[in-house]
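Trainee: Let me begin by handing over the structure; questions about it come next.
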Amino acid sequence: DPAALLGQKADAMVESTRAMNGGRLRVIADYEPLRRHPCLYDEARGWPREWFDQTFLEAAIWGTEDAWRGLGTEGACELYSFPLFTPAFCALFAEEIDSFHASGLPARRPNSMNNYGVVVTEIGMEPMIDRLQREFLQPVARAMFPGAGSHFDQHHSFVVRYKAGEDLGLDMHTDN
């Protein structure tokens, strides 16, 4: 019971959360007719294979721990990088983000360090990102990080723009 834990602050917190979510839903609704690439929001269609890098797709088809482990390179202890998307998909995605920025709709910033970014789940992409996480990223995590990586329960998916006159880089920080 939030009221038992927070006392009178609970009502204010609930109302603040309600208002924030209402704003998020308004932005999603207002942007829907302006979407440049509706396929990026089509949860029923899902993630077409042609959006993925061929090396990643091959590992996904095999689906074995060895295939996933062979996919990436370990840059530091338990820090891996691997190809995921094609350049064509990246261009499509970047065009959509630029289209959102051009719409003039408000964007909640992804963190306290970046002023020029957007939380993609707050422009309507949450169902697609959920599906990406569940169908493609979770199997990689299970193979690379047994135990800790066996289950994702959420994500904070965002894009940050770095550009002269805007944010230029990211200082040392930690993420949750």
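The values are calculated or read from the model by the stated rules, or taken from the named source; none is laboratory data. Note that this is a predicted model, so its numbers are computed, not measured. Using ideal geometry, Cβ is built from the backbone for each residue, glycine included, and neighbour counts are taken over all protein chains shown. Keep in mind that these areas ignore ligands, DNA and RNA; they rest on the heavy atoms of the full protein, side chains included. Shrake-Rupley method; radii C 1.70, N 1.55, O 1.52, S 1.80 Å.
Trainee: Residues with amide H under 5 Å of Phe158's amide H, sequence separation 5 or more or different chain, H placed in the peptide plane at 1.01 Å from N; which?
Mentor: Sorted by chain and number, the residues that satisfy this are Val120.
Trainee: Any idea how far apart Leu79 and Ala67 come out in nm if each label point goes 7 Å out from Cα toward Cβ?
Mentor: It is 2.9 nm.
Trainee: What shape does the range 72-121 take by its C-alpha gyration tensor, where a ≥ b ≥ c are the square roots of the eigenvalues and a/c under 1.5 counts as rounded, a/b above b/c as prolate, and the rest as oblate?
Mentor: Oblate, since a/c reaches 1.5 and b/c is not below a/b.
Trainee: A further question follows. Would you mind giving the three semi-axes, in whole Å and largest first, of the ellipsoid equivalent to the range 2-55 according to its Cα gyration tensor?
Mentor: For the range 2-55, the semi-axes come out at 38, 17, 7 Å.
Trainee: Per the Kirkwood definition applied to all pairs of different Cα atoms, how many angstroms is the hydrodynamic radius of the range 102-149?
Mentor: With all distinct Cα pairs of the range 102-149 included, I get 12.9 Å.
Trainee: For the chain, take the longest principal axis of its alpha carbons; what is the angle in degrees between that and the long axis of helix 9-31, to the nearest 10 within 0 to 90?
Mentor: Result, in degrees: 60.
Trainee: So how tilted is helix 87-103 from the main axis of the chain? Cα-based, degrees 0 to 90, rounded to 10.
Mentor: The helix 87-103 is inclined about 10 degrees to the chain.
Trainee: Let me ask something else. Taking Rh as the Kirkwood radius computed over C-alpha pairs, what is the Stokes-Einstein D of the chain at 37 °C in a medium of viscosity 0.692 mPa s, expressed in µm² per second?
Mentor: Answer, rounded: 175 µm²/s.
Trainee: Determine, for each peptide in 70-81, 150-161, 100-111, 115-126, the mean count of other beta carbons within 10 angstrom over its residues, then list the peptides with the highest first.
Mentor: The densest-packed peptide leads the list: 115-126, 100-111, 150-161, 70-81.
Trainee: 5 Å is the cut-off here: which amide hydrogens, built 1.01 Å from N in the peptide plane, fall below it relative to Tyr116, excluding neighbours closer than 5 in sequence?
Mentor: When sequence neighbours closer than 5 places are left aside, the close amide H contacts are Arg161, Asp167.
Trainee: Rounded to whole Hz and in sequence order, give me ³J(HN,Hα) for the range 60-77 from the Karplus expression 6.51 cos²θ - 1.76 cosθ + 1.60, θ = phi - 60°, writing x for Gly and Pro.
Mentor: 5, 5, 5, x, 8, 4, 4, 5, 5, 5, x, 5, x, 10, 8, x, 7, 3
Trainee: Right, next: Considering Cα pairs under 8 angstrom that are at least six residues apart, work out the relative contact order of the chain and quote it in whole percent.
Mentor: Normalised by residue count, the contact order of the chain is 23 percent.
Trainee: Determine the distance separating the Cα centre of the range 1-74 from the Cα centre of the range 102-170; give it in Å without decimals.
Mentor: 7
Trainee: Please list, in chain and number order, the residues 5+ apart from Phe85 or on another chain whose amide H is under 5 Å from its amide H, with Hs placed from the backbone.
Mentor: Long-range HN contacts for Phe85: Asp53.
Trainee: Quantify, in whole percent, the carbon and sulfur part of the accessible surface of the chain (1.4 Å probe; protein heavy atoms only).
Mentor: Exposed carbon and sulfur together represent 54 percent of the surface.
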